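A.B. asks: So that we are looking at the same thing, I have put the structure below in structure tokens.
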Amino acid sequence: MKAPRNAKDAVTLALLLGLTAPTDAQAAAAAALAESLAANLSERDIKNCKRRALQRFRALRAGVQTRGANREALEISL
């Protein structure tokens, strides 16, 4: 996976990490990271990050069986 180039990429990656985290604690940590990184993004940018993270998650899931989505990672609050 490529390193994030900007804040939107970083938020998308943190959300994806939360979705694929093997434990609830790791998912919560990724969600906290995503929330912190999203602090200066617009609501529209955050929605786009969530959409991109879900698209990547679904693509990964189609190729590899995962434990299941940790939906908390997509519920960052502003």
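FYI, it's all coordinate maths here, none of it is from the lab. From a predicted model like this one, the values you see are computed outputs, not experimental measurements. No Cβ is skipped: glycine too gets one built from the backbone with ideal geometry, and neighbour counts run over all protein chains shown.
A.B. asks: Based only on Cα atoms, what Rg/Rh ratio does the range 7-64 have, Rh being taken as Kirkwood's radius?
C.D. replies: Ratio of gyration radius to Kirkwood radius for the range 7-64: 0.98.
A.B. asks: What distance in nm separates the simple spin-label points at Leu54 and Lys2, each placed 7 Å from Cα in the Cβ direction?
C.D. replies: Calculated label separation equals 2.3 nm.
A.B. asks: So, one more: Considering the dipole of the range 7-64 built from charges on the beta carbon (Lys and Arg +1, Asp and Glu -1) around the Cα centre, which of Pro22, Ala53, Gly63 is farthest to its positive end?
C.D. replies: Result: Gly63, furthest along the dipole toward the positive end.
A.B. asks: Now for a separate question. Among 39-49, 3-13, how do they line up from the highest to the lowest mean number of other beta-carbon atoms within 10 Å?
C.D. replies: Listed from highest to lowest mean packing, they are 3-13, 39-49.
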